[in-house]
Amino acid sequence: MADDATINDERALRGQGRGSRFFVLGRDHWSRLHTIETRNRLNLYITFLVLLAGTGSDNRTTKWSVTACDQHVGLGKPRARVALDELIAAGLVERVEGASRLTPQYRLPSVEAEEDPIFLPVQLVTGFAGEASVLRRIRETGDPLLARMLIDLYGLLQIDATYGVPLINLRRGEDGSSARKIAELGIFALWAVESGDPPHAMGDWTAPHRTPAGKGAEWAEFWARLSLLEKIGALVFEPWLYESAALDAEPMFPIDFGVLYSHRDEDEVSVLSRLLMRIAEHMTEGREYLLERYANDIIVPLPAHHQAPAVRGVAKLRIEADTPGCRRAYALRMRALEERRTAYERLLEDVTQGRYDRPLGAG
């Protein structure tokens, strides 16, 4: 088949225009996929997503077909062809006039930007070099609701420095603040913060995964699927320090609790986290028992007037769509890390000289 010969040439395979490293899924189209009559819901999801990933800059035309389903996610051509026929019958996919079985081309429904579509990374379908794609791993579970959970999570992402799921929808961390003020020195207070646990979830997006089972079991399937998304490498929880325990609190910066057990600085987050610990060591000199008591926590210096902070595990999708919004969120993240690192490096200089009177970040 034609797409067999060019399966590794993305520019030749994808639809009109070069396109980007992401594709666009209309929320209405995603909702329709839940109700279309089908022999196999998971195969239907997968086939539509594969075709959509093959669209170009128009987000509508694609040359990807059943061969792409087979090669990228391991969905055999006979089963992919059944799902494709179901999508055509439902009006979500149409064959382009003049296309043939040897040179397939399809047109998908248009999606307007004002519709708040879901942006998905092409690598969700294709995977990275030498790595099975996430969609292939989901197909291997045989659970269509696992695919639905993943795509719904992509649809929840917010454009802020965390680029994660809103805390009210999903998070790790206590409802209140688990931070404890352990000391005050000059105009600063030291807060011991621990990693966020256990997980919490709310919202309509959880409904398909909850069952009216026996008492206490309503959420069992939900948490099992969420755990499976973590196991297959689709979902991660990143600890962030927030200004307070409120669910609408502003995020401050991410924290790497791994520095408590490793001496390596792997990225900007671990560098900042280790810097915080160095400051705490100087500020508690002569009272080392404080650090011993909170050996599993990271100690964060904040202005003494600051309210109790909180650590939340932010739910993030490991493979991110390279959209302008994603790049903007990354820029916000890096700016927050740079500003905090600069401020805390200056504080470290001050505390090594026994100075505790200059405000954090002051020149």
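The values are calculated or read from the model by the stated rules, or taken from the named source; none is laboratory data. The shown structure was predicted, so the numbers you read here are calculated from the model rather than taken from an experiment. All Cβ positions, even for glycine, are placed from backbone atoms using ideal geometry, and neighbour counts span all protein chains on display.
General remarks:
- Here Gly325 clears all of (1) at positive phi; (2) within 14 Å of the chain's Cα centre (by Cα) except the condition numbered (1).
- Just one of the listed residues (Glu250, Glu281, Glu292) is surrounded by fewer than 18 Cβ atoms within 10 Å (Cβ to Cβ) and modelled with pLDDT of 95 or more, and it is Glu250.
- Condition check for Gly196: of a type outside the set (Ser, Thr, Tyr), within 20 Å of the chain's Cα centre (by Cα), more than 18 Å from Leu150 (Cβ to Cβ) and in the same structural domain as Lys316 (by TED's automatic domain parsing): yes
- When the stretch 277-295 is filtered for residues that are part of a loop (DSSP other than H, G, I, E, B) and aromatic (Phe, Trp, Tyr), only Tyr294 remains.
- Scanning the stretch 74-107 for residues that are modelled with pLDDT under 95, crowded, with 18+ Cβ neighbours inside 10 Å and assigned to a loop (DSSP other than H, G, I, E, B) gives Pro104, Gln105.
- Pair list, Cβ under 7 Å, 6 or more apart: the stretch 89-113 residue among the aromatic types (Phe, Trp, Tyr), other residue not in a loop (DSSP other than H, G, I, E, B): Tyr106/Leu51; Tyr106/Thr62; Tyr106/Glu94; Tyr106/Arg95
- Taken together, the criteria exclude Ala310 from residues that are in contact (Cβ under 8 Å) with a residue 40 or more places away in the chain, within 13 Å of Phe188 (Cα to Cα) and small (Gly, Ala, Ser).
- Lone qualifier among Leu302, Leu360, Leu332 - being of a type in the set (A, V, I, L, M) and assigned to a helix (DSSP H, G or I): Leu332
- Condition check for Pro239: buried (at least 19 other Cβ atoms within 10 Å of the Cβ), under 30 Å from Thr141 (Cβ atoms) and not polar (S, T, N, Q): yes
- For the stretch 341-357, the criterion of being in contact with a Phe, Trp or Tyr (Cβ under 6 Å, 6 or more places away or on another chain) and in a helix (DSSP H, G or I) is met by none of the residues.
- Output for the stretch 230-257, where each listed residue is more than 15 Å from Gly164 (Cα to Cα), outside the structural domain of Ile319 (by TED's automatic domain parsing) and in a helix (DSSP H, G or I): Lys231
- Among all residues of the stretch 142-163, there is at least one that is over 21 Å from the mean Cα position of the chain (by Cα), more than 30 Å from Ala304 (Cα to Cα), of a type outside the set (S, T, N, Q) and in a loop (DSSP other than H, G, I, E, B).
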